[in-house]
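These notes are about the structure you will find just below.
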Amino acid sequence: METAKDAKNLRMMGKDFLSPDPLALLAFNPLTRVPSPCPAILSRMPQETVVLELAGREVTITNPNKVFFPKAGYTKLDIVNYFVAVAEGALVGVRNRPMVLKRFVNGAEEEPFFQKRAPANLPPGIETAHVKFPSGRSADLCVVDDVADLIWVINLGCLDLNPWHVRANDVDHPDEWRIDLDPTPEANFHHVRELAMHCKDVLEELGYRGYPKTSGSRGIHINVRIEPKWTFTEVRRCALAFGREVERRVPALATTAWWKEERHGVFIDYNQNARDRTVASAYSVRPTPNAQVSCPLEWDEVATAELADFTIETVPKRFAAIGDPGAGIDSKAHSLEPLLDLIKKHEAEGLGDAPYPPHYPKAEGEPMRVQPSRARVRRSGSDGAQGSRWRRPRKGEADSGGTN
């Protein structure tokens with residue numbers, strides 16, 4: 001029988017419980033005050049360990065009282081509760097995808113580390129997918145398929161989820177095109193929202209349905225489901241073509257310039273579609289003081305959305321009330337043909353490829369991967385004057401290159 005002491009201990013961990021059966025405890029989420037859809041606590045083990053039953057499997061939560069968000073006071077168990085409440089939506093973004101584990105083992109205020117290889121001793125039920133990195137190396141990455149997998153990842157300290165944009169059964173052909181709108185220091189979230197609506201217009205003109213969500217940090221992501229027929233290189237090139245078309249229409253607001261010194265307004269990060277690049281997926285928790293969430297939106301919400309409105313405290317209530325605005329993304333996979341035609345048009349106008357990130361191998365047709373200001377110095381001489389190079393004066397010579 002469940003004792004009063006047991007109930008008190010469980011409440012101290014951040015949950016309220018009503019249970020006629022100690023082996024089938026019904027957990028109530030303290031953030032939503034509604035029953036969590038999945039978990040039953042099987043046992044409370046020594047050293048503050050809790051075992052949950054999820055999708056027919058046992059998942060151990062270690063250090064459930066560990067504070068991950070000091071300013072808000074949220075613990076690891078609060079994060080677990082949150083992901084259980086929104087699991088159906090979170091799985092839309094990560095299911096059957098190789099995932100990089102971004103682990104905040106010391107909480108949200110400390111630097112995370114990225115674990116690109118699956119842990120050696122995986123629990124039963126966790127699958128992997130073998131992927132190749134731009135360097136030519138390869139590794140097995142974890143694949144999340146159900147709520148038990150998801151909570152196992154959360155227990156490792158993952159707050160935001162970072163899946164590749166491929167499926168585990170075809171790791172070389174993306175099925176998701178990601179439009180990442182990232183404000184420069186001179187821009188704000190109002191500018192991001194404005195640009196997102198311009199992106200919607202261009203997407204619809206090209207025949208695409210995009211699914212927007214807040215990044216949870218500073219920007220907005222728009223995901224488009226595509227047919228898994230094209231390579232990473234082709235999908236990235238299509239993302240660049242789309243960004244350039246948006247930039248052409250609103251040049252004062254949008255930029256596709258890779259080098260930060262050339263950017264203004266909101267950057268459309270086409271390189272997020274390259275191999276081994278990831279973004280926080282839907283319902284990810286971001287390391288902000290108030291635990292903001294990357295929250296899917298309806299298009300009619302974008303113009304007035306505020307990042308701080310979506311946290312681990314508010315989003316479960318929203319999810320319970322309206323469901324997942326991104327749930328329909330798998331209903332149709334789009335062709336990239338309209339964007340491939342746009343690439344041909346741009347090439348006819350003299351617009352070729354754009355730079356990759358620094359650690360990627362040099363790509364065919366890629367322009368010089370040198371910061372523009374440095375390239376100018378290289379061309380003009382080390383002191384920036386055309387054709388001039390300063391040298392140390394020889395003994396007996398006057399130094400004509402100094403300053404007074």
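Tell me, yes or no, whether the range 293-302 has at least one residue that is touching a helix residue (DSSP H, G or I) at 6+ places or on another chain (Cβ under 8 Å), over 21 Å from A241 (Cα atoms), modelled with pLDDT of 95 or more and part of a loop (DSSP other than H, G, I, E, B). Taking every residue of the range 293-302 in turn, at least one turns out to be touching a helix residue (DSSP H, G or I) at 6+ places or on another chain (Cβ under 8 Å), over 21 Å from A241 (Cα atoms), modelled with pLDDT of 95 or more and part of a loop (DSSP other than H, G, I, E, B). Taken over the range 271-292, the criterion of being hydroxyl-bearing (S, T, Y) and in contact with a Gly (Cβ under 8 Å, 6 or more places away or on another chain) is satisfied by S281, Y283, S284, T288. Screening G125 on (1) at pLDDT below 95; (2) over 23 Å from D170 (Cα atoms) shows it passes everything except condition (2).
Suppose we keep only residues that are in contact (Cβ under 8 Å) with a residue 12 or more places away in the chain and either of a type in the set (D, E, K, R) or part of a loop (DSSP other than H, G, I, E, B) (or both) within the range 137-158. Which one would you say is farthest from S294 (Cα to Cα)?
D140
Kindly evaluate V143 against the criterion of being over 15 Å from the mean Cα position of the chain (by Cα) and surrounded by 15 or more Cβ atoms within 10 Å (Cβ to Cβ). Yes; evaluated as a whole, the condition is true for this residue. Looking at the range 106-119, is at least one residue assigned to a strand (DSSP E or B), surrounded by fewer than 16 Cβ atoms within 10 Å (Cβ to Cβ), within 22 Å of the chain's Cα centre (by Cα) and modelled with pLDDT of 95 or more? Yes: the range 106-119 contains one or more residues that are assigned to a strand (DSSP E or B), surrounded by fewer than 16 Cβ atoms within 10 Å (Cβ to Cβ), within 22 Å of the chain's Cα centre (by Cα) and modelled with pLDDT of 95 or more. The set of residues in the range 217-245 being in a helix (DSSP H, G or I), among the charged types (D, E, K, R) and farther than 22 Å from H191 by Cβ consists of E234, R236, R237.
Among residues of the range 202-216 being exposed (fewer than 13 other Cβ atoms within 10 Å of the Cβ) and assigned to a helix (DSSP H, G or I), the one that is nearest to the chain's Cα centre (by Cα) is E204.
Taking the conditions exactly as written (at pLDDT 90 or above, assigned to a helix (DSSP H, G or I) and among the small types (G, A, S)), does G89 satisfy them or not? Full working, then the answer.
Working: at pLDDT 90 or above: yes; assigned to a helix (DSSP H, G or I): yes; among the small types (G, A, S): yes.
Judged against the criteria, G89 is a match.
Please tell me if V224 is under 30 Å from M368 (Cβ atoms) and either touching a Cys at 6+ places or on another chain (Cβ under 7 Å) or in contact (Cβ under 8 Å) with a residue 12 or more places away in the chain (or both). Judged against the criteria, V224 is not a match. Only a single criterion out of (1) under 30 Å from G73 (Cα atoms); (2) out of contact with any helix residue (DSSP H, G or I) (no Cβ under 8 Å at 6 or more places or on another chain); (3) of a type in the set (V, I, T) is not satisfied by T231, namely (1).
Within the range 297-321, residues that are under 22 Å from T75 (Cα atoms) have Cβ atoms under 8 Å from residues that are among the charged types (D, E, K, R) and not in a helix (DSSP H, G or I) in these pairs: L307/R218, counting only partners at least 6 apart in sequence or on another chain.
Candidates in the range 67-76 are the residues that are more than 14 Å from L159 (Cα to Cα) and either of a type in the set (K, R) or in contact (Cβ under 8 Å) with a residue 12 or more places away in the chain (or both); of these, the one that is surrounded by the most Cβ atoms within 10 Å (Cβ to Cβ) is A72. Residues that are surrounded by fewer than 24 Cβ atoms within 10 Å (Cβ to Cβ), among the basic types (K, R) and in contact with a Phe, Trp or Tyr (Cβ under 9 Å, 6 or more places away or on another chain) were ranked within the range 77-105; the one that is nearest to T49 (Cα to Cα) is R103.
Quick check on my filter: what residues within the range 159-184 are of a type in the set (V, I, T) and in a strand (DSSP E or B)?
Residue satisfying the conditions is I179 alone.
When the range 340-375 is examined, which residues are found to be acidic (D, E) and farther than 14 Å from R236 by Cβ? Within the range 340-375, D341, E347, E349 qualify.
A241 passes every criterion in (1) in contact with a strand residue (DSSP E or B) (Cβ under 9 Å, 6 or more places away or on another chain); (2) buried (at least 20 other Cβ atoms within 10 Å of the Cβ) apart from (1).
The values are calculated or read from the model by the stated rules, or taken from the named source; none is laboratory data. Fair warning: this is a prediction, and the values are worked out from it, not measured in the lab. Positions of Cβ are backbone-derived with ideal geometry, glycine not excepted, and every protein chain shown enters the neighbour counts.
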